[in-house]
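Asker: Below you will find the structure I want to go over with you.
Nothing in this text is a laboratory measurement; each read-out follows from the coordinates by a stated rule. Please read all numbers here as calculations on a predicted model, not as lab measurements. We place every Cβ from the backbone using ideal geometry, glycine too, and count neighbours over all the protein chains shown.
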Amino acid sequence: MKTSPALNILIITTILTTSPIAYATSWPIFLPPDRALLLRQNLVDTAHCPPGQGKLRPEATVNIHDQLCKSYCSDNWAWTGKTDETCHDLANAFNFQRYSIHHHRDNNGTVSYSVVTAFYGEKEAADPSFTFTFRAPEQHWYCYEMNPDTHALICGNDI
């Protein structure tokens, strides 16, 4: 059966305009932890700091699926904290600063997975108060910041 050129154009246009959207919206989208979540989850030690200060607990881990997922996150994904073990001002030093995203490549140069580190501290401070890191190397996720205003991350795995 032969299709008309107009029908071919319609089919190609439909594939090109709907498939990427449908595919991209099924990728994981998630956020970094914020101060309110860390306090609510009791991941900030305020008992051993002066009033108005706190420090991230050494074992701080936030399940992304349960707390920070916007769409399609794996149940076992987590942000893992790393602290400098010192007390910091709760009002200023627990602010998101920036991401560092490293894409690890295999021997062929293909991105195998991403390691995303979120830095927290005072807005203009050179050294962070603490960090949270996400990685899922066994699932081949390529991640990047999709919205700098909300710090939302999106990950895809086309491998």
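Asker: Please give the Cα centre distance for the range 106-159 versus the range 20-96, rounded to the nearest Å.
Answerer: When both Cα centres are located, 14 Å separates them.
Asker: Right, another one. S74 to V115: extension gain in nm, 0.36 nm per residue of separation minus the Cα-Cα distance?
Answerer: Details: separation 41, 0.36 × 41 = 14.76 nm, distance 1.56 nm.
Roughly 13.2 nm would be gained on extension.
Asker: Ok, one more. Can you tell me the dipole magnitude for the range 52-159 around its Cα centre, using point charges on the Cβ only (Lys, Arg +1; Asp, Glu -1), in Debye to the nearest 20? Let's see the in-between values first.
Answerer: Working: 8 positive and 14 negative charges, 10 e Å.
Here the range 52-159 has a charge dipole of around 40 debye.
Asker: So, one more: How far apart, in nanometres, would the label points at K82 and N147 be if each is projected 7 angstrom from Cα along the Cα-to-Cβ direction?
Answerer: Result: 2.8 nm between the two label points.
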